[in-house]
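Derivation of every value follows stated rules applied to the coordinates shown; laboratory data play no part. Not measured: the values here are computed from a predicted model. Every residue, glycine as well, gets a Cβ built from its backbone with ideal geometry; the counts of neighbours run over all protein chains shown.
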Amino acid sequence: MSMFESFRKLIGEFGEGDKHPHHFDEDDYRVAAAALLVHTAAIDGNISDAERVKLHDVIKQRFNLDDAATDELVAEATEVEEQAVDLYHFTARLNRSLDEQGRVRLVEMMWQIVYADGKVTEFEDNLVWRAADLLGVSGHERIALRKRVAGQEDETA
């Protein structure tokens, strides 16, 4: 079973899988944002429990959703992420939907997922760099966000 299949199975157990209709439109920027965050959690080949919890918490807080809607959004985002060819698929939609502050916040959310398990892999670092570049977030801002999130994670550890 692939990592994504096991993750989808886990999400399905929380949200009853495909037994209910999708509530998020395919062009809803939240699906693209959540898919980018799922991709961030999965990029190093393993979605840890800490990353899974952080993914749920970040999406729930950022989009002001209840647990059921959060699980549903993550499940839909996981499906979309598996079908995507590249990052541009997500970032193009996000660039159309989010202002600069929203795009910066998304890069910060990516760092929160990356730091959830306490370590940053080269794959994760490269992914955030590429996504930030595609989202028009400067290298200076990306690095500042990384330092801020790393500092917050150190305080909660």
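Using R₀ = 25 Å, calculate the FRET efficiency as 1/(1 + (r/R₀)^6) where r is the Cβ-Cβ separation of His23 and Ala84; round to 0.05.
0.80
In angstroms, what radius of gyration and Dmax does the range 100-157 have, counting Cα atoms only?
For the range 100-157, the Cα-based Rg and Dmax read 10.6, 31 Å.
Starting from the Cα-Cα distance between Glu141 and Ser97, subtract it from 0.36 nm times their residue separation and give me the gain in nm to one decimal.
Stretched fully, the Glu141-Ser97 segment lengthens by 13.8 nm.
Count neighbours as other Cβ atoms within 10 Å of each site's Cβ, and list the trypsin sites (Lys or Arg not before Pro) in the range 53-132 that are DSSP loop with at most 14 such neighbours.
Within the range 53-132, the qualifying trypsin sites (Lys or Arg not before Pro) (loop, at most 14 other Cβ atoms within 10 Å) are Lys119.
Using alpha-carbon pairs under 8 Å, 6+ residues apart, how would you state the relative contact order of the range 105-157 in percent?
With pairs under 8 Å counted, the relative contact order is 49 percent.
Which residue, Ala84, Val58, Leu106, has the largest displacement toward the positive end of the dipole of the range 3-156 when charges sit on each Cβ (Lys, Arg +1; Asp, Glu -1)?
Towards the positive end, the residue furthest out is Leu106.
Using alpha carbons only, how many angstrom separate the centre of the range 39-56 from the centre of the range 117-157?
Here the two parts' Cα centres lie 15 Å apart.
Just the number, please: Stokes-Einstein D of the range 3-156 in µm²/s, Kirkwood Rh from C-alpha pairs, 37 °C, 0.692 mPa s.
213 µm²/s
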